[in-house]
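The structure appears below as structure tokens.
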Amino acid sequence: MKAKETKTQEIQSVPSKKGEIHPMENLLRMDRMPHIWCPSCGIGLAVTAFASALEKANIDPNKISIVSGIGCTGRVAGYVKLDSFHTTHGRPIAFGTGIRVANPKIKVVVFSGDGDLIAIGGNHFIHAARRNIDMLVVCVNNFIYAMTGGQVAPTTPLAAYATTSPYGCVEPPFNIPYIADSSGAVYVARWTTLHIRRLINSLAEALQKKGFSVVEVISPCGMYYSRINKLGDGLDMMKFYHDNVEIRHGEDTKNLDIGFQTKIICGKFVDRERPSYMERYNQWLSDVKGGSRDEG
Amino acid sequence: MKADPKGVLTGSHTLTGNHACAEGAFAAGCRFLGLYPIVPSLEISERFLERAPEVGATFIQMEDEVSVLAAVLGASWTGKKSMTVTSGPGLSLMMEHLGLGIMLETPCVIVDIQRAGPALGMPGRPAQGDMMQARWGSHGDYEIIALSPSSPQEMFDYTIKAFNLSERYRIPVALMSDAYVAHLQEKVVIPPAEEIEIEPRRYYKGAKDKYLPFKRDKDFVPRMVNIGDGYKFHVTGLTHDDRGYPVMNEECQEYNVHPLVWKVRNYVDEIIEVQEAETEDAEVIIISYGATSRAALKAMEQARKSGIKVGSLKLVTVWPFPEKRVAELAKKVKAFVVPEMNFGQVVLEVERCSYGNANVIFVPHGENGVENTDDLLSAIKQAVQADKVESVIIEFNKGV
Ligand SMILES: Cc1ncc(C[n+]2csc(CCOP(=O)(O)OP(=O)(O)O)c2C)c(N)n1
């Protein structure tokens, strides 16, 4: 087996003229641009917000690892210049749990889609929340399975169309903040990709939080969700968010259901303290041993 | 490299196979266990957890075996040698991440204490029904390394061997044991740490911004780095180039996946270990692995006493299969007798590698007790009486 030259090329940085460096060059893999996301997709906005939040929260980029599952959002890990893992469909939280428990000095961020985290990965989501694993989960919710071309997701609103709901979705969707809250997450917020400044603040806050934090990002999918439902393009979706989002910090998470083209309630809903998994683990360890592992 | 004395319980002990496995893991340098409880593997986890604080190891009980192996892979990338232990139903759930482990070339050890299946089967009954699943169970093309211990001492020794192989080849390694060996209690000698050879992880040492996670070194294996060491690397389960970036074309599929196979196939002579006894003049050779090797060796002695020249080939490494050696021996013997606690799995490999040069008699084994030799002896007699080579596996028949 001979190695082909084309594949062993050195890592290249995109050539940039002096003074023309992309402001996030140090946090993004510029050698992978252009990215795969469609025009009008909101995932890029969520990534930009995350990169800004990393800077704002002053997190050491060498001590943070980002894990994604599979899907359009699952590609995020591949574009962020951190120790990054593109894993299996639905399992990034489990993969990240292993990282965090094996090395509590590493901050773990899971960046994935609603189908990945709440359908196939739903069990891992609730258990990581219950354990209160130190982890920030960014869940991009576009109400659809986008990567596979627009099938029903666990978040697809009742009556919305998808390729696998040709007569309108008959399953009620999950309310993600409510699951996160009732499973034990210590920080739960929801924003849309229109609310970039608030999203950045939330992500920065969540990054500094000890324990399981969830930020849901409602995002337009012009290609697969809006088109089949005749909702216009990305700009129309942003306009919809502008007109229909109501910000209600501290709202009871029970009240956060999203219907088809109904009002979307955003805000920070949960911000509380609860011993994290590593805190309890270390407590147990010092009880049995009188010694302790590294605090993370 | 020598073993870290912290994990080595030097001395002579009486241990069950499961406890010996936990001690082997510690001696090998394993410092992370992901688990989901299942009979008959539980005592490995229990022993590991009990001793973890003094050894300095970490563990987590996950919500299922899917997440267990995902967590083990994540842990391995932090630089900790990592493992999980399970049985058939759990192994089935692990197939997804066995594939990811292969694709991300992540060292780890999966211990499978086989029990009777299918489905829930009989949790306490020993079996060897997962051998082909370990080899082929995950989708796509790959090679795997699997070892099979036949005693508590071998549970200790081969657990270390499994970790060493997984680091050397950057591959998940399966330790395929069974409920019999797992619960058998025997003397286990644990040598001093300085006598235990440990394969260290092969790390990349170059410039931080030049690291390529899948660039193969001279030994065909790419070098690793740890999460948190500042390399900012990316890896993906998609077909990828040396940088770990997805590339969706035919050429890269070959470039990526062929080495996953050849990094094992090119090194079979280094990887494969078999134990031969009295094969020199043998007319019949019993090919066995794991618990059935115990009966095989006994049957060999008994047959020799009654004047039949029987030898034994015990597979320490079941995967990759020692095809060259079996092909050589096939030309010299009348027949192979293959006892397995299943309805015929590894025997298919024996037949394939015999190329029609020897009869292959399959003995579904264990019904009368794992160490009972009655069926084996009858099969041996049948083997010497046969006067021509059949073109199919001869199913041992109790009536004969
Ligand atoms: C085990 C498995 N089943 C199914 C798939 C196919 N698949 C790929 S992405 C995806 C859905 C992703 O949806 P979501 O998480 O909402 O992400 P999005 O693409 O919308 O960002 C599915 C079903 C897969 N890759 N693996």
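The values are calculated or read from the model by the stated rules, or taken from the named source; none is laboratory data. Owing to the predicted nature of the structure, the values given are computational and were not obtained by experimental measurement. Quick reminder, even Gly has a Cβ in these numbers, built from the backbone with ideal geometry, and neighbours come from all protein chains shown. The area values use the complete protein model at the heavy-atom level, side chains included, leaving out ligands, DNA and RNA. Shrake-Rupley method; radii C 1.70, N 1.55, O 1.52, S 1.80 Å.
Does B:Tyr203 count as within 19 Å of B:Glu46 (Cα to Cα) and aromatic (Phe, Trp, Tyr)? If you could, list the steps in order and put the result at the bottom.
Values: within 19 Å of B:Glu46 (Cα to Cα): no; aromatic (Phe, Trp, Tyr): yes.
Considered against the rule, which asks whether it is within 19 Å of B:Glu46 (Cα to Cα) and aromatic (Phe, Trp, Tyr), B:Tyr203 comes out as no.
With the checklist (1) in a loop (DSSP other than H, G, I, E, B); (2) crowded, with 18+ Cβ neighbours inside 10 Å; (3) of a type in the set (Lys, Arg) in hand, flag the one item B:Lys314 doesn't pass.
(1)
Kindly indicate whether B:Asp64 is in the same structural domain as B:Gly24 (by TED's automatic domain parsing), open to solvent by 10 Å² or more (accessible area, probe 1.4 Å), free of Cβ contacts under 8 Å to residues at least 40 places away in the same chain and in contact with a helix residue (DSSP H, G or I) (Cβ under 7 Å, 6 or more places away or on another chain).
So B:Asp64 passes the test.
Looking at region A:119-147, which of its residues are under 20 Å from A:Ala46 (Cα atoms) and within 8 Å of the ligand (Cβ to nearest atom)?
Residues satisfying the conditions are A:Val140, A:Asn141, A:Asn142, A:Ile144, A:Tyr145, A:Ala146, A:Met147.
Within the bounds of region A:214-221, is there any residue that is at pLDDT 95 or above and either away from the ligand (no atom under 16 Å from the Cβ) or farther than 22 Å from A:Ile118 by Cα (or both)? Walk me through how you get there before you give the answer.
From region A:214-221, those at pLDDT 95 or above are A:214-221; that's our starting set.
So of that shortlist, the ones also either away from the ligand (no atom under 16 Å from the Cβ) or farther than 22 Å from A:Ile118 by Cα (or both) come out as none.
Scanning region A:214-221, I find no residue that is at pLDDT 95 or above and either away from the ligand (no atom under 16 Å from the Cβ) or farther than 22 Å from A:Ile118 by Cα (or both), so the answer is no.
If I ask for residues that are outside any loop (DSSP other than H, G, I, E, B), out of contact with any Gly (no Cβ under 9 Å at 6 or more places or on another chain) and either open to solvent by 80 Å² or more (accessible area, probe 1.4 Å) or free of Cβ contacts under 8 Å to residues at least 60 places away in the same chain (or both), which ones from region A:246-270 would you list?
A:Lys254, A:Asn255
Residues that are out of contact with any Leu (no Cβ under 9 Å at 6 or more places or on another chain) and open to solvent by 10 Å² or more (accessible area, probe 1.4 Å): does region B:281-288 have at least one?
So far as region B:281-288 goes, yes, one or more of its residues are out of contact with any Leu (no Cβ under 9 Å at 6 or more places or on another chain) and open to solvent by 10 Å² or more (accessible area, probe 1.4 Å).
Provide a single number: the residues in region B:207-221 that are over 13 Å from B:Trp77 (Cβ atoms) and open to solvent by less than 40 Å² (accessible area, probe 1.4 Å).
Of the residues in region B:207-221, 6 are over 13 Å from B:Trp77 (Cβ atoms) and open to solvent by less than 40 Å² (accessible area, probe 1.4 Å).
Quick one: in region A:99-114, of everything that is within 16 Å of B:Ala57 (Cα to Cα) and facing chain B (nearest Cβ under 7 Å), which residue is nearest to the ligand (Cβ to nearest atom)?
Taking the candidates together, the pick is A:Ile99.
Name the residue that is farthest from A:Asn62 (Cα to Cα), counting only residues in region B:77-107 that are at the interface with chain A (Cβ under 8 Å from one of its Cβ atoms) and more than 16 Å from the ligand (Cβ to nearest atom).
B:Ser82
Name, by its number, the condition in (1) within 25 Å of A:Gly96 (Cβ to Cβ); (2) free of Cβ contacts under 8 Å to residues at least 60 places away in the same chain that does not hold for A:Pro177.
(2)
Being small (Gly, Ala, Ser) and facing chain B (nearest Cβ under 9 Å): is that true of A:Gly96 here?
Criteria met by A:Gly96.
Would you confirm whether or not region B:146-168 contains a residue that is surrounded by fewer than 23 Cβ atoms within 10 Å (Cβ to Cβ) and more than 23 Å from B:Asp4 (Cα to Cα)?
Checked against the condition, which is being surrounded by fewer than 23 Cβ atoms within 10 Å (Cβ to Cβ) and more than 23 Å from B:Asp4 (Cα to Cα), region B:146-168 yields at least one hit.
Taking the criterion of being open to solvent by less than 10 Å² (accessible area, probe 1.4 Å) and within 7 Å of chain B (Cβ to nearest Cβ), would at least one residue in region A:125-143 satisfy it?
There is no residue in region A:125-143 that is open to solvent by less than 10 Å² (accessible area, probe 1.4 Å) and within 7 Å of chain B (Cβ to nearest Cβ).
What number of residues in region A:90-117 are open to solvent by 10 Å² or more (accessible area, probe 1.4 Å) and over 28 Å from A:Asn26 (Cα atoms)?
Within region A:90-117, residues that are open to solvent by 10 Å² or more (accessible area, probe 1.4 Å) and over 28 Å from A:Asn26 (Cα atoms) number 0.
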